[in-house]
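Beneath this line is the structure, given in structure tokens, with notes to follow.
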Amino acid sequence: MAMAATLALGAVAACSGGGGSGSSHGATIFWHGYTGPEAKEIAALGQEWNQAHPNQKVNVTFAGSNDDALKKTLGAFVSGKTPGVAYEFGSSITTLAKRPQTQDLTSLVKGAPDFKWDDFFPAARQAATTPDGKIYGVPALVDNLALVYNKKLFDAAGLSYPTASWTWTDFQNAARKLTDAGKKQYGWAYVNDGTEDTVWRFLALLWQAGGDLLTPDGKKAAFDSPAGLSAMQLLHDMSVTDHSVYLDGGDQQYLNLFNSGKIGMLWTGPWDLGSITKDVSYGVQILPGKVTHATIAGPDVYMMFNKSDRATAWAFLQWLTSPEVHVRFSIATGDLPLRQSETQLPAYQQFLKKYPGDKVFVDNLAKNATKSRPNIPEYSKISQALGLAVQAVLLGKAQPQAALDQARDQVNSIMAGA
Amino acid sequence: MAVVAADRAAGERRSARRGGRAGGSGPRLRRADHLAGWAFVSPAVLLIGVFGLVPVVWSLLLSFQQTDLTSPGTWTGAANYQKMVHDPVFWQAARQTLVYCVLFVPITMLLAIPIAVLLNQKVRGMTFYRMAVYVPLVTSTVATGVIFSWLLNPQFGLVNAALGKVGLPQQGFFQSTGEALPAVVMMTVWGWLGFAVIIYLSALQNVPRELMEAAALDGCGRVRAFWKVELPLLAPASSFLLVWLTINALQLFDEVYVTTKGGPLHASTVLVYYLYQQAFVDFDGGYAAAIGSALFVVILAVTMVQLWLSRRASHYEGN
Amino acid sequence: MADTALARSRGHARTTERERPPRRRRRPSPLHLILIPLSAVMLAPLIWMVLLSISTEAETRRFPPGLPSGVHWQNYLDAWHQGPFGHWLLNSALVSVSCVIGNLVLCSLAGYAFARIPFLGNRVLFVVVLATLMVPFQIVMLPTLIVMQHLHLTDTLGALIAPNLATPFGVFLMRQFFTTVPKELEEAARIDGAGRLRTLASVLLPLMGPTLATLSVLTFLNVWNDFLWPLIAVQSPGNMTIQLGLQNFQGQHFTNWPVLMAGTVTSQIPVLVLFVLAQRFFVRSIASSGLK
């Protein structure tokens, strides 16, 4: 019986072979989690590259959703079949940087002046670099938050549209006026599941108020400042006092509610614009400000994991993220440009024509997305502590100062290595 | 191959026994039994050993290390366990896991019995009704999570709309610290009910109809026939479900992951969710393994007690 | 001998079934009053998924949701054509069916022995089998991958089959149900000189139709719906299962719900069909007649 089973197994194993590690067929494996238009375009680009470079072939492969990219990569480390290149979330860099498979790209980047590293938007560069100055990724995507608003609801409430000089007070007042409990209509939406989705919007507020997450030496919490308190206070006032915020529990219905005219304003990124239905007339504006109009970027990267096909992987990534090629990717998919020089190309006008709402986000990249989350291993724990604090304030379970104090203590003990 | 040989040997022994002194060859007979027993279980046990036991032992070893799970770790003795004992979130998660289990298992079993009996009746369209009950079992947890989040949405969900219609207060469900865990219980009971029903139903169908008919002839009503005849015969299925549902309930993860993410404010953080965060968000693999090992010990103890109790119960009934 | 007796009584059972007066069917049973609402509650997600799968993309971008304006079957074609859907289904079927066969054979043997043969180490071994389930998969996942690598099974369908070929679930389920079969039956066969294996195959297993059907269906379902393990155990597109394939419709920031749901509903059809087929085994006939 056992023998029969083993035989059956062997047969299946034999007939399903193929695939294999990075360069088993000579082609460099390129893992991505793109779907829809992005998947189509990356496949087309891969084909184009292979035709021009028959000796440096790249095998563009869908490896499951990007949400699972890190798990999948770790699995590949264990089973020894690592891809030449893989798409990873920016937040995965600190985890992956320590692994022996992960390729340090610093010398490659420094040794290729034509690659023009400084041409990438600052947020994209920061996300690919660890605090010790080493570069582990090539920018793959760079997003940021802006204010997206429903013009019809603004008109109905007799409000003028948000401007680039909007303050927090303007924002809070507008949200209050857009709120109508009887119609179940809210001024603003906040993702309140306690994950990084909750935290990054708070970080934007913190920076706008002139505060920062950690002290300049990166050793202690710095968000328990007057700036941090004013950010928490704004959340408290809007959610608990004004009831003008729809708290999204994490099922991301906020966008569908926006489409249904139940929410007046969102703080969201360019990825959501494609999901806004045609009947909704919307506008995009930079985030309201206090000291600054800071926004936050959520960049992702391509990372390399094979020493053996390093040359091919690097050549392909250089080509893929070159201004002329990436602007084509942007036009096909609506992803923002990665480089400043892309916005100087004639093709960029085509991008703006196709995605008019994206202009604010692109401008943000040069002006308002200058700060970024620290690329340190402790960040995931810091994020959890802050997530709890923000959640407690939004739900009215804690006062802003108390929530900040508790989070500060937690973060300080995390940074102290506990 | 080995199975067949051992089996044949056992068969021969039996024949010999029948031909000779009945019951006189105790030790030899038992040896044949041992052989046959081991031969019968070994293929399954071997596979489960390689693919189940080896990783489990491995993970127990990890709990004494500091490791990110993919690169070699360093031995740290009982440090992870010391950390665990002093971690308030761990204890909160442990408490909530227990509460969840104590609610989920009995509710599921108590609902499943009447439904299984109902589905065992001769009514037109029964195939359809049975199918309907199994559907949640087939549905992916992600889809289940989406639909429950929608139904239980505090502001726009159907459930609160219905409550409002009959004048009951609005609830927060997944977004309330007090109700998140009960809401998860509700959703998982719904999701697992089909599983419990299918087990009970196959047990009921193993109940000889003649027994039920005889009971009916004896003047027992249907209800009494159920209590006297069917229910006792459901005992093995019940003890199976008790053990199985408990093992799964104490390892609740998917449903929390797709709805509350352990919140709000840790209100629905259960042990495996916490462990997952440690392992795949914070990459503290050793600590995650320690939590896993602690859970292992608890589940093992609970299962042993449950098996022992059900064995005693069946002895009692047998006599 | 036992076989023929069984066959005879089975035939007998069929006759009585056929001869039953059709009286019962005249008036709808009051039980429908409970069964219909119950079904509605349980079917809700499937109905919802089907509704989504025939909506337009814009219609799914509403909350609270409304009914679709019409039936857009196009979503099903889109799902089918966006990737090698048939190939994914085939891989899943190959893996699931192999595991069902493995479990039927291996778990019957083991379950029978654990229930009926008082061999040395019976109880300890049984607890060890169960114990393998008591450490969360999230922790044993990577160690299991290491085992696979040593067996040179990573990135083959074998990696998906091997760990599920014999499951503690199956062993436990079969053991539990073997304890309900009267010992007399087994002893009668043994007196006729049949070995344990023959007794098991020709006397006991035929009595356990419903249980074997249950084991088959639940094993199939588990393997078919598995996501996390295939995600890390296979890498080549050619080895993708349907659950991995469905990821093609779920982007990082954007999900095309109608197409995703069309794909999901399609992926669930084989499981639902299996449930219907298993119903045929759920008819009580063999077990009852065998006990006369």
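Annotations
- Output for region B:241-277, where each listed residue is among the hydroxyl-bearing types (Ser, Thr, Tyr) and under 13 Å from the mean Cα position of the chain (by Cα): B:246
- Being out of contact with any Ser or Thr (no Cβ under 7 Å at 6 or more places or on another chain), more than 9 Å from chain C (Cβ to nearest Cβ), at pLDDT 95 or above and part of a helix (DSSP H, G or I) is not true of residue B:257.
- Applying the criterion of being buried (at least 20 other Cβ atoms within 10 Å of the Cβ) and among the polar types (S, T, N, Q) to the residues of region C:256-288, the residue that is modelled with the lowest pLDDT is C:288.
- Matching entry among C:211, C:219 (being modelled with pLDDT of 90 or more and closer than 30 Å to residue B:120 by Cα): C:219
- Criterion: at pLDDT below 95, surrounded by 23 or more Cβ atoms within 10 Å (Cβ to Cβ) and among the aliphatic types (A, V, I, L, M) - qualifying residue of A:297, A:221: A:297
- Hey, residue B:237 out of contact with any His (no Cβ under 7 Å at 6 or more places or on another chain), within 9 Å of chain C (Cβ to nearest Cβ) and free of Cβ contacts under 8 Å to residues at least 60 places away in the same chain or not: yes
- Residue ID - farthest from the other protein chains (Cβ to nearest Cβ), chosen from residues in region B:102-122 that are out of contact with any helix residue (DSSP H, G or I) (no Cβ under 7 Å at 6 or more places or on another chain) and farther than 15 Å from residue B:188 by Cβ: B:114
- Set side by side, the residues C:93, C:58 differ, and just one is within 26 Å of the chain's Cα centre (by Cα) and more than 30 Å from residue B:297 (Cα to Cα), which is C:93.
- Qualifying residue in region C:169-191 (condition: touching a Ser or Thr at 6+ places or on another chain (Cβ under 9 Å), under 21 Å from residue B:58 (Cβ atoms) and in contact (Cβ under 8 Å) with a residue 24 or more places away in the chain): no
- Looking only at region B:241-271, and only at residues there that are of a type in the set (S, T, N, Q) and surrounded by fewer than 23 Cβ atoms within 10 Å (Cβ to Cβ), the one that is farthest from residue B:305 (Cα to Cα): B:248
- Residues located in region A:68-110, provided they are more than 21 Å from residue C:155 (Cα to Cα), touching a strand residue (DSSP E or B) at 6+ places or on another chain (Cβ under 6 Å) and in a loop (DSSP other than H, G, I, E, B): A:103, A:105
- Inter-residue pairs, beta-carbon under 6 Å, first hydroxyl-bearing (Ser, Thr, Tyr) and in region B:43-61, second crowded, with 22+ Cβ neighbours inside 10 Å and not in a helix (DSSP H, G or I), 6+ apart: B:59/C:135
Condition check ((1) at pLDDT 90 or above; (2) more than 25 Å from residue B:35 (Cβ to Cβ); (3) assigned to a helix (DSSP H, G or I); (4) more than 21 Å from the chain's Cα centre (by Cα)) across all residues:
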residue	(1), (2), (3), (4)
C:124	yes, no, yes, yes
C:130	yes, no, yes, no
C:177	no, no, yes, no
C:202	no, no, yes, yes
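Residue-wise test of (1) within 8 Å of chain B (Cβ to nearest Cβ); (2) part of a helix (DSSP H, G or I).
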{"position": "C:138", "(1), (2)": "yes, yes"}
{"position": "C:180", "(1), (2)": "yes, no"}
{"position": "C:185", "(1), (2)": "no, yes"}
{"position": "C:211", "(1), (2)": "yes, yes"}
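- Candidates A:101, A:172, filtered to the one that is in contact (Cβ under 8 Å) with a residue 24 or more places away in the chain, within 14 Å of another protein chain (Cβ to nearest Cβ) and not acidic (Asp, Glu): A:101
- Subset of region A:126-138 [touching a helix residue (DSSP H, G or I) at 6+ places or on another chain (Cβ under 6 Å) and farther than 14 Å from residue A:91 by Cβ]: A:134, A:135, A:138
- Any hit, region B:176-186, residues being without any contact (Cβ under 8 Å) to a residue 60 or more places away in the chain, assigned by TED's automatic domain parsing to the domain that holds residue B:227 and either under 30 Å from residue C:259 (Cβ atoms) or assigned to a helix (DSSP H, G or I) (or both): yes
- The set of residues in region A:93-120 that are basic (Lys, Arg) and within 14 Å of residue A:305 (Cα to Cα) comprises A:98, A:99.
- Of all residues in region C:213-243, those satisfying the criterion of being of a type in the set (S, T, N, Q), assigned to a loop (DSSP other than H, G, I, E, B) and crowded, with 23+ Cβ neighbours inside 10 Å are C:235, C:241.
- Of all residues in region C:67-113 being free of Cβ contacts under 8 Å to residues at least 24 places away in the same chain and either in a helix (DSSP H, G or I) or among the acidic types (Asp, Glu) (or both), the one that is surrounded by the most Cβ atoms within 10 Å (Cβ to Cβ): C:113
- Condition check for residue A:129 on (1) facing another protein chain (nearest Cβ under 9 Å); (2) over 15 Å from residue A:317 (Cα atoms): one failure, at (1).
- Condition broken by residue A:59, with the remaining ones in (1) in contact with a strand residue (DSSP E or B) (Cβ under 9 Å, 6 or more places away or on another chain); (2) of a type outside the set (Asp, Glu); (3) at pLDDT below 90 satisfied: (3)
- Taken over region A:66-102, the criterion of being touching a helix residue (DSSP H, G or I) at 6+ places or on another chain (Cβ under 7 Å), more than 16 Å from residue B:283 (Cβ to Cβ) and surrounded by fewer than 19 Cβ atoms within 10 Å (Cβ to Cβ) is satisfied by A:80 alone.
- Scan of region B:152-175 for residues that are of a type in the set (A, V, I, L, M, F, W, C) and either within 11 Å of chain A (Cβ to nearest Cβ) or touching a residue at least 60 places away in the same chain (Cβ under 8 Å) (or both), ordered by number: B:152, B:156, B:161, B:173, B:174
- Taking region B:116-151 as the range and being under 21 Å from residue B:182 (Cβ atoms) and hydrophobic (A, V, I, L, M, F, W, C) as the test, the residues that pass are B:146, B:147, B:148, B:150, B:151.
- Region A:248-291 - residue that is small (Gly, Ala, Ser) and facing another protein chain (nearest Cβ under 7 Å) and, of those, surrounded by the most Cβ atoms within 10 Å (Cβ to Cβ): A:249
- Of the residues C:166, C:159, the single one that is closer than 26 Å to residue B:40 by Cβ and either of a type in the set (Gly, Ala, Ser) or not in a helix (DSSP H, G or I) (or both) is C:166.
- Residue within region C:39-53 that is at pLDDT below 90, more than 30 Å from residue C:237 (Cβ to Cβ) and buried (at least 17 other Cβ atoms within 10 Å of the Cβ) present: yes
The values are calculated or read from the model by the stated rules, or taken from the named source; none is laboratory data. Because the structure is a prediction, the values reported are computed rather than measured. In this analysis, Cβ positions are derived from the backbone assuming ideal geometry, glycine residues included, and neighbour counts consider all displayed protein chains.
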